[in-house]
Amino acid sequence: MKKYLIVGLGNIGVEYINTRHNIGFKILDYIAQKENLSFDTVKLGTLTEYNIKGRKLLLLKPNTYMNLSGKAVQYWMEKENIAKENVLIITDDLNLPFGTIRIKSKGSDGGHNGLKNIQLILNSTEYPRFRFGISDEFKKGQQVDYVLGEWNDTEKEKLTERYQLAKEIVESFALAGLQNTMNNYNGK
């Protein structure tokens, strides 16, 4: 059975649950809820297994805090013998309008501390990532408050549809491959 590591980035703690920065956690929570899966506490995070059409997707929410996400990613890649091309990192992106999807096979960290740490630990910028736009509608000097702030009412209304799209993207990544997923979902 082909294995994939799907990593949703976020911060642990009740104060972060519904923040923009935790979109990676929320997408994995949505998939787990829709597929009736439950997360177990494991080394460096919480994990559940989603089997779909002969593929095993390990859904990981690191408990290392955002800035140390690479440690959990590397540990589970090595433990489960999963190659970089079968890892998908789900993260928020300030540079994209709210809800916009950008899937790439490689790239810079874009100033994102979670991606920065993953690149440092893996010593590579070549791993698939799924960026979810949270927009940059904050005043100068308010970035931290914005990213760690909760969604506004308009955003909350649209999130369910976006979560469903994100679930389709994760499934497509495992079933149709990265290139097809990028072709079919980028910019949606």
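The values are calculated or read from the model by the stated rules, or taken from the named source; none is laboratory data. Bear in mind the structure is a predicted one, so any value in this text is a computation, not a measurement. Here the Cβ is made from the backbone with ideal geometry for all residues, glycine too, and neighbour counts use every protein chain on show. Remember, those area values only see protein heavy atoms, side chains included, never the ligands or the DNA or RNA. Shrake-Rupley method; radii C 1.70, N 1.55, O 1.52, S 1.80 Å.
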Open item on the list: Give me the dipole magnitude in Debye, nearest 20, for the chain about the Cα centre, with unit charges on the beta carbon: positive for Lys and Arg, negative for Asp and Glu.
Closed with: 540
Open item on the list: Tell me the carbon and sulfur percent of the accessible area for the chain, rounded to whole percent, probe radius 1.4 Å.
Closed with: 44
Open item on the list: Taking 2.2 N^0.38 Å as the expected size of a compact globular protein, what ratio does the Cα radius of gyration of the chain give against it, to two decimals?
Closed with: 0.94
Task: Residue of T41, T100, T91 that the Gaussian network model of the chain assigns the largest fluctuation, springs spanning Cα pairs under 10 Å - done: T41
TODO: Could you point to the residue in G45, M1, Q33 farthest towards the positive end of segment 1-46's charge dipole, with +1 and -1 charges on the Cβ of Lys/Arg and Asp/Glu respectively?
DONE: M1
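Please calculate how many Å² of accessible area segment 1-51 carries per residue, with a 1.4 Å probe and no DNA, RNA or ligand atoms counted.
46
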Task: the chain - mean residue ellipticity at 222 nm from DSSP helices (-39,500 (n - 2.57) per run, n ≥ 4, rounded to 500) - done: -11500 deg cm²/dmol
Task: Listed residue (I169, N123, Y185) projecting farthest to the positive dipole end of segment 121-188, Cβ model - done: N123
Open item on the list: Could you identify which residue out of I17, I89, I27 has the top mean-square fluctuation in a GNM of the chain using Cα springs shorter than 10 Å?
Closed with: I17
